Amino acid sequence: MNIQHQQTDNPIIIVDHISKTFPNGIRGLTDFSARIHQREVVVIIGPSGSGKSTFLRCLNGLEEVDCGSIVIDGIPLDRNRKHQLEIRKEVGMVFQQFNLFPHMTVRDNINLAQRLVRKKSKAEATEMTMELLRKVNILEKADAYPSQLSGGQQQRVAIARALAMMPKVMLFDEATSALDPEMIGEVLEVMKTLAREGMTMVVVTHEMRFAREVSDRVIFMEGGGIIESGNAEAFFSHPQEERTRSFLSQIL
């Protein structure tokens, strides 16, 4: 059963004709354009090296594009330092690796950016942290260290840490691919909850069931560009492009 999201008419992310070539000559993105609306869940799929992760990293400024433009919630992502910082506040990202500070408790990992970037008091940050740990179902792990957690628990802490910044957009870059199979479900459940609550999400994943059930739109990438894009039901039931059909036949 698909989760339906009430979207706004105005896109919150506008990407126009961006390209990215890495110093080794590998082309990450080629003349890539996209529009993503508020409350929309967009899943990006494609073979390894197709540009999926590069696109996400460009969206939050971790990679600089060679040409084209990115605008998020009316803020251009350019070389203006103020714009870059504003977008980093508005865009949360969850990576394949958890990137938690090993010497800090779960509570302190989530508190840190709230205090440094959002300038919250310790009490305010802790209140938000405990609320988010309850949301991702690991409230009892607040005083544990990352080494004492399973991979799935660490990834849920990483999601809570990103949410603590109160982002308008969440990016997920293969957030379950480093997890053991039995832990994937608990992370996907948190992502489904965010989708139901109307969080704007761009998700790179190999989890096709999640894509089919939760996304409003699926984008299939290859060679740094979009091969096909469409609503989830039509995309999986009646793909238009031969390359899409070939890819789906290998993974479904």
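The values are calculated or read from the model by the stated rules, or taken from the named source; none is laboratory data. Note that this is a predicted model, so its numbers are computed, not measured. Neighbour counts run over all protein chains shown; Cβ positions are idealised from the backbone, glycine included. Ligands, DNA and RNA are excluded from the accessible area calculation, which covers all protein heavy atoms including side chains. Shrake-Rupley method; radii C 1.70, N 1.55, O 1.52, S 1.80 Å.
Structure notes:
- Under the Debye formula (equal points on every Cα, no solvent term), log10 I(q)/I(0) of the stretch 1-107 at q = 0.14 Å⁻¹: -0.66
- Coil-residue trypsin sites (Lys or Arg not before Pro) of the stretch 107-168, DSSP, other Cβ within 10 Å capped at 14: R118, K119
- Selected from V71, V43, V157 as most flexible by GNM, with the chain as the system and alpha-carbon contacts under 10 Å: V71
- Database remark: amide H of E228 closer than 5 angstrom to the amide H of F220 (H placed geometrically; neighbours at sequence offset of 5 or more, or on other chains; Pro and chain starts carry no H).
- Extension gain, L85-H103: 0.36 nm per intervening residue step, less the Cα-Cα distance, totals 3.9 nm.
- When the solvent-accessible area of the stretch 130-252 is split by element, carbon and sulfur atoms take up 47 percent of it, the probe being 1.4 Å.
- The stretch 164-252 shape via C-alpha gyration tensor axes, a/c threshold 1.5: prolate
- Sites Q148 and V117 - FRET efficiency at Förster radius 25 Å, r taken between beta-carbons, to 0.05: 0.40
- Taking the chain as a Gaussian network of alpha-carbon nodes connected by springs under 10 Å, the highest mean-square fluctuation of the residues Q38, Q154, Q240 belongs to Q240.
- Rg over Rh for the chain works out to 0.96, using Cα positions for both radii and the Kirkwood form for Rh.
- Computed extension gain for N137 through H206, at 0.36 nm per residue and net of the alpha carbon distance, reaches 22.5 nm.
- Summarising the strand pairing of the stretch 152-252, around 55 percent of its internal DSSP beta bridges are antiparallel.
- Restricting the calculation to Cα atoms, the stretch 72-139 yields a radius of gyration followed by a Dmax of 14.1, 39 Å.
- M93 long-range amide H proximity, modeled H, under 5 Å: L171
- Computed helical MRE - 222 nm, the chain, DSSP H runs ≥ 4 contributing -39500 (n - 2.57), nearest 500: -11500 deg cm²/dmol
- For the chain, with +1 on Lys and Arg beta carbons and -1 on Asp and Glu, the positive-most of A234, I219, V136 along the dipole: V136
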